[in-house]
1. Using helices alone, what [θ] at 222 nm do you get for the chain, with -39,500 (n - 2.57) per DSSP H run of 4 or more residues, divided over all residues and rounded to the nearest 500?
2. Measure off 7 Å from each Cα along the Cα-to-Cβ vector at residue 56 and residue 31, then give the distance between these two points in nanometres to one decimal.
3. Per 10 Å bin, what percent of the C-alpha pairs of the chain does each bin hold, from zero upward?
4. If R₀ is 25 angstrom, what is the calculated FRET efficiency for the pair residue 23 and residue 65, using the beta carbon separation as r and rounding to 0.05?
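Any read-out appearing in this document is the output of simple, stated calculations on the displayed coordinates, not a laboratory observation. What you see is a predicted model; the values in this text were computed from it and never measured. Virtual Cβ from ideal backbone geometry, glycine too; neighbours counted across all protein chains shown.
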């Protein structure tokens, strides 16, 4: 039983780095994707932040969007 568990653990440790490899063929593509994701996130955070700072009135539909 210990041998089986050891084999499962070893297989998992070997497979984890393989499954975590980059999904992009080029580094530039990964950088562009990450920058775009942060730009979208920034847009959402700025809208909610304006409501929190009372720069904009609270509107549930705007905040949810």
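1. Calculated at 222 nm, the ellipticity per residue is -25000 deg cm²/dmol.
2. Using points 7 Å along Cα→Cβ, the separation is 3.2 nm.
3. Result, from short to long distances: 17, 22, 18, 19, 16, 8, 1 percent.
4. Efficiency, from the Cβ-Cβ distance: 0.30.
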